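The values are calculated or read from the model by the stated rules, or taken from the named source; none is laboratory data. Predicted model, so just to flag it, every value in this text is computed and none were measured. Cβ atoms come from the backbone with ideal geometry, glycine included; neighbour counts cover every protein chain shown.
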Amino acid sequence: MCQSVKLADGERFNVGHAAKAIAVYLKTVCYLSGYGRPGLVEVIYPPFDQTLMKALSLKGNTFPDEYDHDDHMERVKAARREADKRECLPIELEQFWRP
């Protein structure tokens, strides 16, 4: 969907708020309740925000107010690597978030 949005030259589509809402929904419905198809829990991610990115010391943990699909996918890849390193599910990286 994000890639299909038509923007004027130089404009970027901010997927941050939508991605965060979806992540919270999936965590609640799939991870906490166990609802959903097999394998779904393994591919859901915590809501990415500056606090979590910094806590995980992920490369490029700057978190601009607006970012696009490509920026989001880079965060997904970094989270997958970090989860593999810590031997946990990507959604379980949220445990490292500190207010």
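Would you pick out the residues in the stretch 43-70 that are touching a helix residue (DSSP H, G or I) at 6+ places or on another chain (Cβ under 9 Å), in a helix (DSSP H, G or I) and either modelled with pLDDT under 75 or farther than 16 Å from R86 by Cβ (or both)?
Matches in the stretch 43-70: V43, H69.
Please go through the stretch 1-42 and pick out each residue that is modelled with pLDDT under 70 and of a type in the set (G, A, S).
S4, A8, G10, G16
Here is a yes/no grid of residues against (1) surrounded by 13 or more Cβ atoms within 10 Å (Cβ to Cβ); (2) more than 15 Å from E94 (Cβ to Cβ); (3) in contact with an Asp or Glu (Cβ under 7 Å, 6 or more places away or on another chain):
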| position | (1), (2), (3) |
| --- | --- |
| A19 | yes, no, no |
| L26 | yes, no, no |
| C30 | yes, no, no |
| S33 | no, yes, no |
| G36 | yes, yes, no |
| Y45 | yes, no, no |
| L56 | yes, no, yes |
